[in-house]
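Contents: one structure, followed by commentary.
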Amino acid sequence: MPVPFMYASPEQVMKDKADYARKGIARGKAIVALEYADGILFLAENPSATLHKVSEIYDRLAFAGVGKYNEYENLRIAGIRQADLKGYAYSRDDVTARALANMYSQVLGQIFTEAVKPFEVEILLAQVGADGQPNELYHVMYDGTMTDEEGFVALGGQSDDLARWLKDNYRPDSDLESAIRTGIGALTSGGSRELPAAQIEAAVLDRTLGRRKFKRLSDETIAAAQGA
């Protein structure tokens, strides 16, 4: 018996893909990134000590991803390779977050449009400013949509609630300790639940460091900021 032909409009196909990707991302633990006086702080709820959500991409660049781990990990590796290639062929200063974010936007947009299953990921590319230049934060969605953020950004599950909390409580030019408390406040909905330091992945892009600006923060640093 022949299988009847099932028609779905392009609009319905795109909607189904978007719903599928959003549901996968919503199941992931959240990440917040905040600008502070000396750079950019990243905080992620992450019980794993080895499967990182936040990583270095290049000298002044960092990558953060939520959603399906193997998918955003593949994107991270591709970004490192692209950065290394461009830095080797031209100059290290030619490697920028905007260029990599554009690449990710094109890749994710093509996958969303052409593949049967979209990537269940949401990523952030960040670049710390040097010599008086501003920081840069690029938020790239599962469908390739890219936005330029300023001050702070939230990704993953309950990101809208986190962003609203940060809008009310974020203060520019905070020191690192204050920024940590603000970020943890967002992740814990203002302290309504406990989040041990061991379950928080934390890192910074610090403009005061040497050539490589990325640095992971220890559990002790996070615990000290929580208790301050």
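The values are calculated or read from the model by the stated rules, or taken from the named source; none is laboratory data. Because the structure is predicted, anything quoted here is derived from the model rather than measured. When we count neighbours, we look across all protein chains shown, and the Cβ atoms used for this are built from the backbone with ideal geometry, even at glycine.
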| message | Considering only region 119-139, I want to know if a residue exists there that is within 28 Å of Lys23 (Cβ to Cβ), surrounded by 18 or more Cβ atoms within 10 Å (Cβ to Cβ) and without any contact (Cβ under 8 Å) to a residue 60 or more places away in the chain. | response | yes
| note | Over region 138-174, the set of residues closer than 12 Å to Leu187 by Cα and touching a Phe, Trp or Tyr at 6+ places or on another chain (Cβ under 8 Å) is Ala163, Leu166
| said: Looking at region 111-119, can you tell me whether even one residue there is among the polar types (S, T, N, Q), modelled with pLDDT under 95 and over 17 Å from the mean Cα position of the chain (by Cα)? | reply: yes
| request: Restrict the check to region 204-221 and report whether at least one residue is in a helix (DSSP H, G or I), of a type in the set (A, V, I, L, M, F, W, C) and at pLDDT 90 or above. | output: no
| field | Extreme residue, surrounded by the fewest Cβ atoms within 10 Å (Cβ to Cβ), among residues of region 149-178 that are under 21 Å from Ala37 (Cβ atoms) and acidic (Asp, Glu) | value | Asp168
| request: For region 94-101, indicate whether the set of residues that are crowded, with 16+ Cβ neighbours inside 10 Å, at pLDDT below 95 and assigned to a strand (DSSP E or B) is non-empty. | output: no
| request: State whether one or more residues within region 154-161 are modelled with pLDDT of 90 or more and touching an Asp or Glu at 6+ places or on another chain (Cβ under 7 Å). | output: yes
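Conditions tested, residue by residue: (1) charged (D, E, K, R); (2) farther than 17 Å from Gly28 by Cβ.
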position	(1), (2)
Gly109	no, yes
Ala115	no, yes
Leu125	no, yes
Tyr142	no, no
Glu149	yes, yes
Val153	no, no
| note | Of the residues in region 182-203, those that are part of a loop (DSSP other than H, G, I, E, B) and charged (D, E, K, R) come to Arg193, Glu194
